[in-house]
Each structure stands twice: as structure tokens, then as C-alpha cells.
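What follows is a short report on a single structure.
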Amino acid sequence: MLRIASYVGAFIAMTLAGGAALAQSGADPDAQMKEDLITAYRILVNEGILDSFGHVTFRSSKDPNVFIMPRAMPPSLVTKDDLLELRVSDSQPIDPRGRKVNGERYIHGEIYKARPDVMAVIHTHSQAVIPLSLTRFHMRPVVAQAGFLPLETPTFEIRDARGADGRGMQVTDTSRGAALARTLLTYPVALMRGHGDVVVGSSIKQAVVYAAYVDINARMQTQAMLLSPDIATMDAAELFTPEEFDINRPWEHLKQKTLDAAARAQIDRSQFGLTQTQDKK
């Protein structure tokens, strides 16, 4: 535990040092992550995972006590100009610039507060995931690419968090957000009963790829259970660590699917190790 804490502390220190150096040079240390965030929205909308709501955020590299989130708006319309900085401590905007802030920002702030290892958070209303949040059957890893999942994914119950006088299904305050973070624990995913899921990662790319495979895994598990409730799920020996899974390959695949044919034709294939000689094989 002490070793993990020291690694996290060292990571935060390096992040702050790197951010300070970039700030002195005049460059935005979060520039690439902002680009990735916009790409993340395009991918998740294109895959049908984000609907008219849902949101993606990332922890700032220049200040780990800040996260970046778009103002309240349709996911398909998000641009860099819509991004706002919010404090992890209370999920409030540093400067809203007169813009409406997303009401469920507490999902993100409380997870970042509880999980120093998390650099990106995604909340979706995946239609494939929701049925598994409504039954006694938990989501379990069933496809090879979903080996990052725990053997049994936890489900957040809002009724346990909102109190006797509370109303609604949304996570709209720090108390509900903290309860969701406690359900998530150290896992990469938690379902939300009747609401969707929350997916986290050490990068935007990792979180997006995980969200895509959570959706696929949920569909495959549900389809298998139509044939029989007794299905073969993955065991501990079949799971994998983040280091054993190439995130860049599915990220680039999903990214290219958002481009039109003309844009895809301009892609430099050599950056993926694909040469003309290899293409002919």
C-alpha cells in the first residue's frame, strides 16, 4: 500500500513539474488531451454509446486538482471552446464564463478525489449496459477484449445514496458522487441502476476504449443469456493487466471510423507500421 502511495505521489509530482515547465514555455500542457477529449466525444457518439447527455472529462496535467469538462450541451456538438475548468475539491467551475455547467459534474469530481490514479472519467447511458443494471445478473467479462473488467462489475444503487427525502436518478451533489466513487472502488467500471455506467482510465484513450468494450461485452453477455442463463464467463486467469492490452490499436480504429473516406485516404499508414510491402502480403 505504501509502495502504491509513493508511486501515486511521484506521478503527481512529475505531472506538476512537467506542467510548470510547459506553462513557462507558453504552451498549454493540456492541449493534446483537449484534442483527445474532442475525439473521444466523436468516437462515443459515433458508436452509439453517448446519447443526448453523457459526458467525458480529464484531469488536468498542469494541476491534478482541476478537471476539464464541457459546459452542459449535446455531446455531438462539443468543441474546444466549450471546455471549462472545474475544481476536484467541490466540482465547481473556476470560471464558468456565463455558461451552464453540467449538473452531474459530481460524478467526475468525486471520482477524481477518491482515485488519484484516474486521469479520465466517462459517464454514458449505454443501452446495452442498462439491462444488466436492472436484474440479479451482474455484468461479467465474456469477450477477450473485455479482460480489464473485474469478474463481477458492481452496480451503483442511487436509492442508497439520495436519502429518504431525495428525488431523481441523477448524481447531482457531492454526497451522491462520493457514494458512486465508493461503489466504483478500484475498478475501471461501475454500472448505475437504470442509468448507465461510469468508466475510468489512466488516459482518455484508455477510458474510451474501455467504454467501447464495456458496451460490446454487455451486448454479447445479454445475447448469450437469451440462449441460456448458464453462460461461460471469463475466469481470473483469462483477465489481463493494462500493460498487456494495446490501447492504441482500438483507439485508432475507432477514431478512423469517425472520418469520411477522403480524410481516411490522407492518413499516413506508416505511422501504424503499415508499409506498401506489408500491404501486398
- Message: With the condition being more than 25 Å from S61 (Cβ to Cβ) and acidic (D, E), I'd like the helices (runs of 4 or more DSSP H) fully within segment 154-261 carrying at least 1 qualifying residues.
- Response: 204-227
- Do you know which residues across segment 164-204 are farther than 19 Å from M139 by Cβ and either under 12 Å from the mean Cα position of the chain (by Cα) or free of Cβ contacts under 8 Å to residues at least 24 places away in the same chain (or both)? A164, D165, G166, R167, G168, S175, A179, S202, S203, I204
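Please go through segment 150-175 and pick out each residue that is touching a strand residue (DSSP E or B) at 6+ places or on another chain (Cβ under 9 Å) and either at pLDDT below 95 or not polar (S, T, N, Q) (or both). Show your work before the answer.
Here is the first cut: in segment 150-175, the residues touching a strand residue (DSSP E or B) at 6+ places or on another chain (Cβ under 9 Å) are 150, 153-158, 169, 171.
Residues satisfying the conditions are P150, P154, F156, E157, I158, M169, V171.
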- Query: If we scan segment 90-97, do we find a residue that is part of a strand (DSSP E or B), of a type outside the set (K, R) and in contact with a strand residue (DSSP E or B) (Cβ under 6 Å, 6 or more places away or on another chain)?
  - Reply: yes
- Item | Residue list for segment 98-134, filter: of a type in the set (A, V, I, L, M) and part of a loop (DSSP other than H, G, I, E, B) | V101, V118, M119, A128, V129, L134
- Task: Inspect segment 82-95 for any residue being surrounded by 15 or more Cβ atoms within 10 Å (Cβ to Cβ), closer than 25 Å to A128 by Cα and at pLDDT 95 or above and give the result as yes or no.
- Result: no
- Task: Name the one entry in D246, D215 that is surrounded by fewer than 11 Cβ atoms within 10 Å (Cβ to Cβ), modelled with pLDDT of 95 or more and under 18 Å from the mean Cα position of the chain (by Cα).
- Result: D246
- Pull up segment 125-140, narrow it to residues that are farther than 13 Å from I216 by Cβ and among the polar types (S, T, N, Q), then point me to the one that is surrounded by the fewest Cβ atoms within 10 Å (Cβ to Cβ). T135
- Determine the pairs where a residue that is farther than 13 Å from K100 by Cα and touching a residue at least 40 places away in the same chain (Cβ under 8 Å), located within segment 74-90, has a partner that is crowded, with 16+ Cβ neighbours inside 10 Å and of a type in the set (S, T, Y) with Cβ atoms under 6 Å apart, the partner being 6 or more residues away or on another chain. V78/Y41
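The values are calculated or read from the model by the stated rules, or taken from the named source; none is laboratory data. Since the structure is predicted, the reported quantities are computational estimates derived from the model, not experimental observations. All Cβ positions, even for glycine, are placed from backbone atoms using ideal geometry, and neighbour counts span all protein chains on display.
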